[in-house]
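Structure, as structure tokens:
The values are calculated or read from the model by the stated rules, or taken from the named source; none is laboratory data. This is a predicted model, so every value here is computed, not measured. Don't worry about glycine lacking a Cβ; one is built from the backbone with ideal geometry, like all the others, and counts go over all protein chains shown. For the accessible areas, the whole protein counts, side chains as well, though only heavy atoms, and no ligand, DNA or RNA atoms are used. Shrake-Rupley method; radii C 1.70, N 1.55, O 1.52, S 1.80 Å.
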Amino acid sequence: MNQPLVSVVVPLHNSEKFINNLIESIKAQKYSNWELILIDDNSTDSTYDLAYKYISSKIHLFRNNGKGVSAARNTGIEKAKGDFIAFIDSDDQVDNLYLSSLINDAIANKADITFQGYTEITAHNKKNIQFPWLGISNHEYIINKIIPTLVFPKKMKYVQ
């Protein structure tokens, strides 16, 4: 069976401290049919230059000129060629089974949207966060924690 193409969309803004680790974590994926869509949102540090060094047939870089994270995600969706869209924040790193896990779950369950927990790492500790299936009603929590971890078919549009 052919693997569906996954477009990984990452809004960037002043992310020079994180961009290399993020991109390397995507490049290390066991799931091989992906493209990385980086949308620089008017960074004033070296984010764009660092990301530019990674441009390839699988990694694409665009500028969004300070329109904000939602507009950057929508630009990423417009540029994406994939059957599925995955959002990752620029300060994240993902496990090498990240895409495999999400896509396999989406296909097996015929799901339009999948998401998974994450590990929050701070200077003081590391903890696994699992999302509850019921009772998520906090708008800020959904926007800041859930939506950036989603994978969904390209036909949907991200609106905030």
| query | Quick one: accessible area per residue over region 1-66, 1.4 Å probe, rounded to a whole number of Å²? | reply | 50 Å²
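Report the local net charge at H60: Lys and Arg +1, Asp and Glu -1, summed over other residues whose C-beta lies under 10 Å from its C-beta. Before the final figure, lay out each step's value.
On the way: positive: K58, K79, K81; negative: E35.
Local charge sum for H60: +2.
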| field | Charge sum, other residues only, whose C-beta stays under 11 Å from Y98's C-beta, Lys/Arg counted +1 and Asp/Glu -1 | value | -1
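Considering only protein heavy atoms and a probe of 1.4 Å, how much of the accessible area of region 20-60 is carbon and sulfur, as a whole percent? Before the final figure, lay out each step's value.
Numbers: 860 of 1920 Å².
Reported share for carbon and sulfur atoms: 45 percent.
Considering only the other residues whose Cβ falls under 13 Å of the Cβ of V69, what net charge follows from Lys and Arg at +1 and Asp and Glu at -1?
Working: positive: K67, R73; negative: D40, D41, D89, D91.
Surrounding charge for V69 is -2.
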| Quick one: how many Å² of K81 are accessible to a 1.4 Å probe, rounded to 10? | 140 Å²
| Once you put a point 7 Å from the Cα of S25 and another 7 Å from the Cα of I55, both along the Cβ direction, what distance in nm separates them? | 2.5 nm
